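The values are calculated or read from the model by the stated rules, or taken from the named source; none is laboratory data. What you are looking at is a predicted structure, and each value in this text was computed from that prediction instead of being measured. Glycine gets a Cβ as well: all are built from the backbone with ideal geometry, and neighbour counts include every protein chain shown. Quick note on the areas: whole protein, heavy atoms, side chains included, nothing else; ligands and nucleic acids left out. Shrake-Rupley method; radii C 1.70, N 1.55, O 1.52, S 1.80 Å.
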Amino acid sequence: MNYPEFFDTIERIKVVDPLSNVLGAFEGGIYEFNYLEIVKAAGHSCPTVAGAYITTLVGLKALYPNSPAIRGEIKVEFKESLEDGVAGVIGNVISQITGATDKSGFKGLGGKFARHSLMSFNAKISSSVKFTRVDNGKSVDVYYDPSLVGGSPKMQPLMQKMMGGAATPQEIKEFGELWQDRVKRIFENMSTVAKVII
């Protein structure tokens, strides 16, 4: 399996998942997510998928400054509706990491560990996403703006050639490399593209 080397350099997101401990999946419920796993689940790497990963990484670090995040005990809110733009893509990535879902998630075990209704859309927030701890109500707003890291000017004409079916295999490969270069630079500039308000 070949993929861009920078995937392996991105900080991992560590969690503690009480449900996985109870059901014997991970001892102590301790495990972590890396960007490669998220890319495989999404099927691609782009500024949107990167942004969902980045907002979750910085948001959970702010919510849990001294310990791993508790998966399944985090409420997630978006200002967009589920049908708007890339809200669904972002929601899927954040759901994978936090365990939060709208109504489709796990209903619980003996009255505990429920994950449904922890994710909501059309929320009255100004940020890109808001994370709230269920245990103490502490919340953080995360603002994400990938436009602060532009792409190569070569990308637009290459994309037009691809969409028109006129691009050569080398041009398609070049476009993919330029695309991932921008994603790499977004990760390298996380403090610029993502802002956390506690």
**Calculated from backbone phi, Karplus (6.51, -1.76, 1.60) coupling profile of segment 85-95 in Hz, x at Gly/Pro** = x, 9, 4, x, 4, 4, x, 5, 5, 5, 4
**Prompt:** Can you run phi through the Karplus equation (6.51, -1.76, 1.60; θ = phi - 60°) for segment 12-21 and list ³J(HN,Hα) in whole Hz, with x for Gly and Pro?
**Reply:** 7, 9, 8, 9, 10, 10, x, 5, 5, 5
**Asked** Of all the accessible heavy-atom surface of segment 17-142, with the other protein chains kept in place and a 1.4 Å probe, what percent is carbon and sulfur?
**Response** 53 percent
**Message:** Please compute one quarter of the surface area of the Cα convex hull for segment 141-187 and express it in square nanometres.
**Reply:** 3.8 nm²
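Could you give the length gained by full extension between S67 and E37, i.e. 0.36 nm per residue of separation minus their alpha carbon distance, to one decimal place?
8.6 nm
S81 to N2: extension gain in nm, 0.36 nm per residue of separation minus the Cα-Cα distance?
Result: 24.9 nm gained on full extension.
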**Prompt:** Per residue, what accessible area does the chain have, given a 1.4 Å probe and all protein chains present, in Å²?
**Reply:** 53 Å²
**Message:** Given R₀ = 25 Å, what would the calculated FRET efficiency be for M155 paired with H44, taking r from the Cβ atoms and rounding to 0.05?
**Reply:** 0.95
**Asked** Shape call for segment 44-106 from the C-alpha gyration tensor, a ≥ b ≥ c root eigenvalues: rounded (a/c under 1.5), prolate (a/b greater than b/c) or oblate?
**Response** oblate
**Message:** Please report Rg (one decimal) and Dmax (integer) in Å for the Cα set of segment 1-160.
**Reply:** 16.4, 57
**Message:** Using a 7 Å offset from the Cα along the Cα-to-Cβ direction at both V134 and S120, what is the distance between the two label points in nm, to one decimal?
**Reply:** 1.5 nm
**Prompt:** FRET efficiency for I197 and Q170, Cβ-Cβ distance as r, R0 = 41 Å, nearest 0.05?
**Reply:** 0.35
**Message:** Using each residue's phi in segment 157-172, evaluate 6.51 cos²θ - 1.76 cosθ + 1.60 at θ = phi - 60° and report the 3J(HN,Hα) Karplus result to the nearest Hz, with x for Gly and Pro.
**Reply:** x, 5, 5, 4, 5, 5, 5, x, x, 9, 6, 7, x, 5, 5, 5
